[in-house]
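Nothing in this text is a laboratory measurement; each read-out follows from the coordinates by a stated rule. These numbers were taken from a predicted model, which means no experiment stands behind them. Note that each Cβ is placed from the backbone with ideal geometry, even for glycine, and that neighbours are counted across all protein chains shown.
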Amino acid sequence: MAAETPFSHQTRAAALSSMAAEPVDVLVIGGGITGAGIARDAALRGFRVALVEKGDFGSGTSSHSSRLIHGGIRYLEHRDFRLVFEASRERRVLLRIAPHLVRPLPFVFPVYRGSRVPGWKLRAGMWLYDLLAAFRNVKTHRWLSPKQVRKAEPALKDRGLTGAALYWDAQTDDARLVLATAQSAARAGALIANYAEVTSLLTPDGRVRGAAVRDVLSGETHTVRALVVVNAGGPWVDALRRMDDPEARPLLRPTKGAHVAVPRRRIGNERAITLFSPIDGRVMFVLPWGELSYIGTTDTDADASPDAVRVTAADVTYLLRSANAAFPEAHLSPNDVVSVWVGLRPLLGPDSGTPTAAPSQISREHRVVESAQGLISIAGGKLTTYRVMARDVVDRVAARLHELDGRPVAPRPPTDRLPLPGGEAAELDVLRETARARGVSDATARHLVASYGSEMAALLNLVDRDRSLGEPIALGRPEIWAEVAHAVEREMALRVQDVLVRRLHLFYEFEQHGTAVAAPVAQRMKKLLGWDEIREAEELVDYFKLVERARAFRAEIGRGSREVTI
Ligand SMILES: Cc1cc2nc3c(=O)[nH]c(=O)nc-3n(C[C@H](O)[C@H](O)[C@H](O)COP(=O)(O)OP(=O)(O)OC[C@H]3O[C@@H](n4cnc5c(N)ncnc54)[C@H](O)[C@@H]3O)c2cc1C
């Protein structure tokens with residue numbers, strides 16, 4: 001048998017056995033950004049930690065975000081200054097500990113005559129935004145004249161333009177940020193398993209003392225005993241709380257957010273654009289992502305369970321209409337849509353003090369709640385503030401463990417200074433040079449550095465051993481075959497969709513959702529993971545089902561070729 005590799009199907013199997021064999025201090029349910037952050041913080045405090053995720057890491061809300069690590073300019077309107085202050089600080093932290101995954105991004109926020117927010121107010125807001133970041137944002141904002149806006153963003157609507165703010169936030173690869181955080185937790189000693197679902201909580205004496213965990217791939221169930229159980233279920237948080245107390249009042253008021261991605265040349269934006277939707281006046285974004293731009297987001301009350309949420313024709317129409325109004329030459333139609341994604345925001349519900357608020361006005365703050373039976377749940381929050389959320393939860397866990405067995409309260413670990421895997425090298429240019437010097441193309445070098453940071457060395461070693469692994473997976477794309485092996489051996493990818501959707505993003509970025517490469521990827525994974533023909537076929541069927549689901553809005557739109565204009 002091959003030697004055990006870090007963060008692979010083998011470490012997963014070992015983690016499941018270990019957590020079933022011996023009780024853990026803390027069992028974390030949910031492998032989104034919140035659960036991964038909690039596992040990392042708790043493991044760094046020296047606790048024996050287990051984390052179980054029913055799907056793949058980040059497969060819930062955390063890989064369906066707007067991919068922004070931001071102070072949250074629009075929260076200024078709601079006077080949520082504390083949140084903006086905290087999020088701005090976290091933006092700085094994440095830029096430092098994961099520079100490959102969290103990258104500075106310039107935004108242009110144009111103002112027009114009669115805008116919902118007049119120019120003077122936006123100017124004041126921008127100063128406040130810089131102030132709340134202690135003037136330590138990537139750069140402070142600048143005000144652009146109409147002429148400067150036309151030069152900077154020639155495709156933007158010109159009529160009535162009175163100027164624009166040029167300001168900075170950051171953009172991330174959300175799925176990879178979760179993965180890197182989970183890997184970091186594992187390196188600190190956490191036992192981590194994806195495709196491991198909590199089916200019930202253990203309450204032998206009325207207290208929550210662990211959970212029954214089903215291995216989703218084998219069907220086997222393990223009993224995991226834990227001193228403390230943490231529910232980091234994101235939009236599933238209330239469903240998990242009801243396992244503990246069927247009468248539990250909902251903590252959440254989830255709202256649904258959809259995005260559409262289109263070829264960037266069809267819009268023509270150079271930078272990120274912040275705009276007011278002409279439909280309902282909400283703040284929206286058009287964000288660059290390589291050769292694509294994505295438009296988001298909607299913010300509506302959730303009408304489906306987190307497992308069944310999907311992008312509707314109404315979502316797509318809203319997003320395209322809003323973008324068409326801002327970019328009059330774009331004339332985007334549903335035919336331009338390359339991919340869509342949707343998630344539910346696990347926002348705080350009625351008890352948060354905003355019972356009648358519109359979805360986009362619900363607070364993004366977080367809260368830690370402990371049930372009478374001892375289940376600790378975390379609700380609310382954002383990708384940007386996950387580290388603080390995790391710290392607050394683990395402070396509570398540390399206090400409980402101290403009460404339970406008298407151990408000293410472990411000090412907070414420096415999670416704001418310890419780099420995430422791949423984030424050790426601050427000089428990304430040097431990394432890119434190294435990759436080029438080892439024989440990969442410029443595009444691949446950029447892609448590898450942006451995805452893996454200094455962990456890229458492991459991929460280049462694979463290519464050194466087998467040059468064929470340096471070949472592109474699809475002609476004209478930067479992704480190489482070594483990444484499939486790496487995903488399986490070092491990133492716990494267990495399914496074709498793990499590789500194509502969350503490790504490589506070809507599902508979102510490549511034509512026809514990457515269906516052309518699904519079969520060869522499955523073949524490689526078959527060899528790496530020892531699948532039989534049936535499993536290989538099932539993987540492909542499931543992948544095609546996912547593609548069907550992402551395309552469902554097209555059938556709803558009808559023939560699908562009507563131009564959407566306002
Ligand atoms: C459209 C949209 C855009 C957003 N944009 C941004 C943004 O740009 N910036 C930002 O900072 N924030 C953004 N957010 C918010 C952010 O994405 C979320 O706050 C965050 O991802 C929530 O993470 P989580 O880990 O709490 O939830 P999730 O990522 O949903 O994780 C919960 C996990 O629990 C697992 N789970 C559930 N039940 C079980 C069970 N029984 N057993 C095991 N596992 C289970 C699920 O499979 C899931 O993976 C956005 C949200 C949305 C919806």
Checklist entry - Rg and Dmax of region 26-100, using alpha carbons, in Å: what are they? => result 14.7, 43
Checklist entry - Any idea what the dipole of region 424-566 comes to, in debye rounded to 20, about its Cα centre with Lys/Arg Cβ at +1 and Asp/Glu Cβ at -1? => result 340
Checklist entry - Rg and Dmax of region 162-232 over Cα atoms: what are they, in angstrom? => result 19.2, 67
Next on the checklist: Give me Rg/Rg_expected for the chain, where Rg uses Cα atoms only and Rg_expected = 2.2 N^0.38 Å with N residues.
Outcome noted: 0.95
Checklist entry - If you count, for each residue, the other Cβ atoms within 10 Å and average over each peptide, how do 150-156, 388-394 line up from highest to lowest? => result 388-394, 150-156
Item to check | Straight-distance crosslink candidates among aspartates and glutamates, where the alpha carbon sits under 13 Å from Lys139 and sequence neighbours closer than 8 are dropped | outcome: Asp130, Asp169
Item to check | Candidate lysines for bridging to Lys147, where Cα separation is under 20 Å - those fewer than 8 sequence places away on the same chain excluded | outcome: Lys157
Checklist entry - In Å and whole numbers, how far do the C-alpha atoms of region 459-566 stretch along each principal axis, longest first? => result 55, 31, 20
Checklist outcome for this item: Dipole check, the chain, charges on Cβ (K,R +1; D,E -1), about Cα centroid: among Trp236, Pro278, Trp481 the Cα furthest to the positive pole belongs to Pro278
Checklist outcome for this item: Relative contact order of region 407-462 (C-alpha contacts under 8 Å, at least 6 apart) in percent is 40
Next on the checklist: About the Cα centre, and with charges only on the beta carbon of Lys, Arg (+1) and Asp, Glu (-1), how big is the dipole of the chain? Nearest 20 debye, please.
Outcome noted: 1980
Item to check | For Leu348, residues with placed amide H under 5 Å, excluding near neighbours | outcome: Arg253, Gly380, Gly381
Checklist entry - Which of the lysines could a cross-linker span from Lys545 if the Cα-Cα distance has to be under 26 Å and same-chain partners fewer than 8 positions apart are dropped? => result Lys54, Lys256, Lys526, Lys527
Next on the checklist: So if I take the alpha carbon set of region 173-330, get Rg, then get Rh from the Kirkwood formula, what is the Rg over Rh ratio?
Outcome noted: 1.09
Checklist outcome for this item: Filtering chymotrypsin sites (Phe, Trp or Tyr not before Pro) in region 108-168 by DSSP loop and by at most 14 other Cβ atoms within 10 Å leaves Phe135
Checklist entry - For the chain, what is the calculated [θ] at 222 nm in deg cm²/dmol (nearest 500), taking -39500 (n - 2.57) for each run of four or more DSSP H residues and dividing by its residue count? => result -11500 deg cm²/dmol
Checklist entry - From largest to smallest, what semi-axes in whole angstrom does region 436-517 give when each is the square root of 5 times an eigenvalue of its alpha carbon gyration tensor? => result 19, 15, 11
Item to check | Intensity falloff of region 374-429 expressed as log10 I(q)/I(0), Debye formula with alpha-carbon point scatterers, at q = 0.13, 0.21, 0.29 Å⁻¹ | outcome: -0.48, -0.91, -1.17
Checklist entry - Of Pro250, Val397, Leu131, whose Cα points farthest to the positive end of the dipole of the chain (charges on the beta-carbon: +1 Lys, Arg; -1 Asp, Glu; origin at the Cα centre)? => result Leu131
Item to check | Student exercise, region 206-350 dipole from Lys, Arg, Asp, Glu Cβ charges, in Debye to nearest 20 | outcome: 300
Item to check | Over region 328-425: Rg over Rh, Cα atoms, Kirkwood Rh | outcome: 1.14
